[in-house]
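Asks: Before I ask anything, let me first share the structure, which is written out below as structure tokens.
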Amino acid sequence: MKRALRLVGPFLLPGLTACAMSGGAPEGEYRHYNGDAGGMHYSRLTQIKAGNVARLKEVWRYDLGRDSQLQNTPIMVDGVLYGAALGKVFALDAATGAEKWSFTPDLPQRSRAGFKSRGESWWSDGKTSRLLVTASNYVYSLDPATGKPDPAFGDNGRIDLNDNLRGPASANYVRMGGAVNVWKNLFFTCGEVGEQTPASPGDIRAWDVRTGKLVWAFHTIPHPGEPGVETWPAGAWEKAGGANAWPGMVMDEKRGILFAATGSGSDDFYGGERPGMNLHANSVLAIDAATGKLLWNFQAVHHDVWDYDFASPPVLVTVTKNGRRIDAVAATNKTGFVYVFDRVTGKSLFPIDEKPVPPATAPGDTAWPTQPFPRLPAPLSHQSLNAEEMTQRTPEANRWAREKFATFKNGPIFTPPAYKQETVAVPGFSGGNEWGGMTFDPRLEYLFVNTENVMWTTAVIDRKPLAEGNVAPELHSRYTFSGYNKFVDPEGYPATAAPWGHLTAIDLKTGKFAWRIPFGEYPELVEKGLKDTGSESYGGAVATANGLLIIGATNFDRKLRIFESRTGKLLWETVLPYAGNATPITYMANGKQYVVIGTSGGMNRKGPKGTAYIAFALEDGAR
């Protein structure tokens, strides 16, 4: 039986041990999206601690007024906070929140108000510094002192990700919500593409940070002669799309290895036009940052027809096993599985078994007969459901849910969507974990992750005939899907039993859960006595060296919480003006430690509307 392609040599090339010029940030700064080049979401700061956290208070607010779905985590360099929201990039005084400058990218009208930039990137050679910002299908290089584009970079300060891809720029759709990665004098892009055919390929590309010129491209849909080309139909590289690392990537600066984790090929719920395993979709990839050569790969979902993307960036961790310290990379996808690999060899730190899964029933599609199942850690969300696991919120809601559930096709995880029959998907299309990603505490060797635990459905259906003059029929699938259908009761709450979301700490030394709690609430249900229901959450956490875990994320209760990272004990919480659906950061400015989080009302239709960055610090004298 065929198995996933795992290793491609050579593993390392000589001469790739120098640290990035952008590394070595001074203590107290937060120069990287997700904390450091490896995406740990970790800070060594200790001024805020369990003994004084109760004295945190809001100290400034940067209010943008209009509502949005703000997902941006800013960076802080040399006392200046850089972020993006509501179509503009800005620089703030990190201690006061006063605006120093703002820049509005020149984008198509449809993109100006709503482009999502989840993070910014910093580059410096010691003399010149640049702020790299993603905005829709562009990457801008800005002077961090003024916010003005660098005229020497690309086309008057920006590059177009739709160019240098496949065919003319006008034929492509690529936008990048995550931050670019920077190493030496290169930066790396991935990006979001369409999930229904026709769609652009998910190429991972390296660019010169000074000029914006393309240096290399790694084809996630392999070209002739490249590893994995045999896992696609002939000619797929010319027309297939997807297999993109849309949430972003991480960098092992010492070894010069770029780590990416990709999503499904297009169409993401029907694979009849792309028979085979479809490498390098749904894969963890280790790529030589200097050359773009694949070092090793692991495919977590073969021939994906469930949209089971890796929806968050990998995380670089160091794990103690059998008395030996192992530099590893951890990743999680929408299946709720967590995978941990040796960074150099690609060998899993915990056993993974290939197990048989149900066949496809949609016309013309063939599911891969097996899928990989990690033995440890345990899954983070439901892997299956039955009628006894419907909502207990009220007897009426339970009765409705059981009757509706009986109409769906239901089976274990990896049951392919049926033709014209809604099919249960757990974990659902938001996971498991989402783009906020995981957090690693190197002292405890704990991996923290917030996850959803709700059910969705979809079905394969006929696509409407093409209108005359539309895209060529050979690039257009005959089938599509019925939609992302969240299973909710008549009052809009999840129709399965709570908890509907968790916060989990995984001890990577053992692969076992250190602690796990329901995460998030619905305020109106709390008033009725229904506490600890859990809820959907977007955005991640930041851990600190003295044992704090700081996280917003929850959609409906609008809280920012601080937990004791070792035990999960709640130490402090406050209600934000809007939901904190972004990962917070913490930094030092003028001798004081700050916690800043972006907030917005876009994920909660019933909640307050607005967009603001909120900063917290200890009351004067509280240490």
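Asks: Of the residues that make up the range 366-378, is at least one touching a residue at least 12 places away in the same chain (Cβ under 8 Å), under 19 Å from residue 481 (Cα atoms) and assigned to a loop (DSSP other than H, G, I, E, B)?
Replies: Yes, there is a match, as at least one residue in the range 366-378 is touching a residue at least 12 places away in the same chain (Cβ under 8 Å), under 19 Å from residue 481 (Cα atoms) and assigned to a loop (DSSP other than H, G, I, E, B).
Asks: Step by step: first the residues of the range 49-65, then only those that are among the basic types (Lys, Arg) and assigned to a strand (DSSP E or B), then the one that is nearest to the chain's Cα centre (by Cα). Which residue is that?
Replies: Applying the filter and picking the extreme gives 61.
Asks: Quick check on residue 194: is it over 24 Å from the mean Cα position of the chain (by Cα), over 20 Å from residue 34 (Cα atoms) and in a loop (DSSP other than H, G, I, E, B)?
Replies: no
Asks: Do we find that residue 292 is surrounded by 17 or more Cβ atoms within 10 Å (Cβ to Cβ) and part of a loop (DSSP other than H, G, I, E, B) in this structure?
Replies: It is true that residue 292 is surrounded by 17 or more Cβ atoms within 10 Å (Cβ to Cβ) and part of a loop (DSSP other than H, G, I, E, B).
Asks: Can you report the number of residues in the range 237-276 which are crowded, with 23+ Cβ neighbours inside 10 Å and in contact with a helix residue (DSSP H, G or I) (Cβ under 7 Å, 6 or more places away or on another chain)?
Replies: Final tally of qualifying residues: 1.
Asks: Is it fair to say residue 327 is surrounded by fewer than 18 Cβ atoms within 10 Å (Cβ to Cβ), charged (D, E, K, R), in contact (Cβ under 8 Å) with a residue 12 or more places away in the chain and farther than 26 Å from residue 268 by Cα?
Replies: yes
Conditions tested, residue by residue: (1) of a type in the set (D, E, K, R); (2) within 28 Å of residue 38 (Cα to Cα); (3) in a strand (DSSP E or B).
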site: 165; (1), (2), (3): no, yes, no
site: 210; (1), (2), (3): yes, yes, no
site: 216; (1), (2), (3): no, yes, yes
site: 222; (1), (2), (3): no, yes, no
site: 225; (1), (2), (3): no, no, no
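Asks: Let me confirm something: among 130, 205, which residue is crowded, with 17+ Cβ neighbours inside 10 Å, part of a strand (DSSP E or B) and in contact with a Cys (Cβ under 9 Å, 6 or more places away or on another chain)?
Replies: Only one candidate passes the filter, namely 205.
Asks: Here's another thing I want to ask about it. Checking residue 364 against (1) buried (at least 17 other Cβ atoms within 10 Å of the Cβ); (2) in contact with a Gly (Cβ under 7 Å, 6 or more places away or on another chain); (3) not acidic (Asp, Glu), only one condition comes out false. Which one?
Replies: The number of the failed condition is (1).
Asks: What's the number of the only condition in (1) out of contact with any Phe, Trp or Tyr (no Cβ under 6 Å at 6 or more places or on another chain); (2) surrounded by fewer than 16 Cβ atoms within 10 Å (Cβ to Cβ); (3) of a type outside the set (A, V, I, L, M, F, W, C) that residue 391 fails to meet?
Replies: Just one mismatch for residue 391, condition (2).
Asks: On the given criteria, is residue 95 closer than 30 Å to residue 60 by Cα, assigned to a loop (DSSP other than H, G, I, E, B), in contact (Cβ under 8 Å) with a residue 60 or more places away in the chain and touching a His at 6+ places or on another chain (Cβ under 9 Å)?
Replies: Considered against the rule, which asks whether it is closer than 30 Å to residue 60 by Cα, assigned to a loop (DSSP other than H, G, I, E, B), in contact (Cβ under 8 Å) with a residue 60 or more places away in the chain and touching a His at 6+ places or on another chain (Cβ under 9 Å), residue 95 comes out as no.
No value in this document is a laboratory result; all are computed from the given coordinates. Computed from a predicted model, the values in this text were never measured in an experiment. Note: ideal-geometry Cβ built from the backbone for every residue, glycine included; neighbour counts use all protein chains shown.
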